[in-house]
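Any read-out appearing in this document is the output of simple, stated calculations on the displayed coordinates, not a laboratory observation. Please read these numbers as outputs of a predicted model, since none were measured by experiment. Here the Cβ positions follow ideal geometry from the backbone for every residue, glycine too, while neighbour counts run over all protein chains shown.
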Amino acid sequence: MTTVTCPMYGGLSDLADAGAAIRTICERVKHQAEQKAGKAYNLFIAKSYKSQIVSGTNFFIKVHVGGNDYVHIRVFQGLTQSGPELVSIKESKTHDDEIEYF
């Protein structure tokens, strides 16, 4: 018998590589991230993520912004078809920094 483990409602999922869907979400909130951070990003590439199921989904995404610099962004995608919304951004992250709830 095979057991499939799903994240508990409200808990964070395991770390996963950013696929096409996560990269698209990242592209759609880039402008919001630039406004919140007060700077322009020449590079803004999703690398990995964790998710949290709530009344919609929170995505915690590690984003490469150039050189050795990364940011972690929290994006909410509601149950309706409205676009993703940047909730928060954590700057001064590195490739090795673990994605945690924020």
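For the structure I just gave you, tell me whether Ile61 is within 10 Å of the chain's Cα centre (by Cα), in a strand (DSSP E or B) and of a type in the set (A, V, I, L, M). Spelling it out, Ile61 is indeed within 10 Å of the chain's Cα centre (by Cα), in a strand (DSSP E or B) and of a type in the set (A, V, I, L, M). Would you please name the residue that is surrounded by the most Cβ atoms within 10 Å (Cβ to Cβ), looking only at residues in the range 92-102 that are under 17 Å from Gly11 (Cα atoms) and not acidic (Asp, Glu)? Residue satisfying both the conditions and the ranking: Ile99.
Of all the criteria given as (1) touching a Phe, Trp or Tyr at 6+ places or on another chain (Cβ under 8 Å); (2) crowded, with 19+ Cβ neighbours inside 10 Å; (3) not in a strand (DSSP E or B), the one not satisfied by Val29 is (1). If only residues of the range 63-91 that are without any contact (Cβ under 8 Å) to a residue 40 or more places away in the chain and among the charged types (D, E, K, R) are counted, the one that is surrounded by the most Cβ atoms within 10 Å (Cβ to Cβ) is Arg74.
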